[in-house]
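Everything on this sheet refers to the single structure shown next.
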Amino acid sequence: MKTIVFIACIVTLVVNVTADISRQERIDTLKKVHVECQADPATKVNEDLMEKFFKNEPVDESLLAKHALCINVKLGVQKPNGDVDKEGFKKWLGGSDNGEQLIEECGNKKGSTAEESTLALYKCFRKHRNEHGVHHHHD
């Protein structure tokens with residue numbers, strides 16, 4: 001459960017409540033998607049993996065990338081080939097003050113595989129999270 005809350009904090013890291021999708025709708029959707037990705041043995045991860053990643057602790061990035069790609073595709077943030085869906089990304093960023101900056105900096109596919117692109121996107125989020133001092137909370 002704390003992983004879901006942590007993921008929700010990351011997704012809402014730069015997101016304000018907007019008319020498109022409320023914060024609670026984002027969290028509810030994220031919980032559902034996380035459960036779906038955890039149900040697939042190919043994308044299942046240890047519940048602490050993402051938290052460790054965002055704390056800059058060593059993790060198996062290949063496992064993280066598969067799980068994160070699953071989540072991002074289901075959320076409409078990325079396409080299965082790893083391309084960032086800029087409209088989907090923008091929808092999740094909502095009316096964020098630095099949403100355009102994040103789209104510009106994080107919104108282009110980096111890497112030769114979908115997983116590499118996803119990992120680059122998460123690393124970009126981590127960089128912004130660390131620069132802006134955003135912290136997460138557990139249940």
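Here residue 139 meets the list (1) on the phi > 0 side of the Ramachandran plot; (2) at pLDDT below 80 almost entirely, failing just condition (1). In region 58-76, the count of residues that are surrounded by fewer than 17 Cβ atoms within 10 Å (Cβ to Cβ), more than 22 Å from residue 33 (Cα to Cα) and at pLDDT 85 or above is one or more.
Selection of region 74-91 for residues being in a helix (DSSP H, G or I) and in contact with a Cys (Cβ under 9 Å, 6 or more places away or on another chain) yields 74, 89. In the condition set (1) crowded, with 18+ Cβ neighbours inside 10 Å; (2) in contact with a Lys or Arg (Cβ under 8 Å, 6 or more places away or on another chain), residue 89 is compliant with all but (2).
The values are calculated or read from the model by the stated rules, or taken from the named source; none is laboratory data. Remember, it's a predicted structure, so these values are computed and weren't measured experimentally. Glycine gets a Cβ as well: all are built from the backbone with ideal geometry, and neighbour counts include every protein chain shown.
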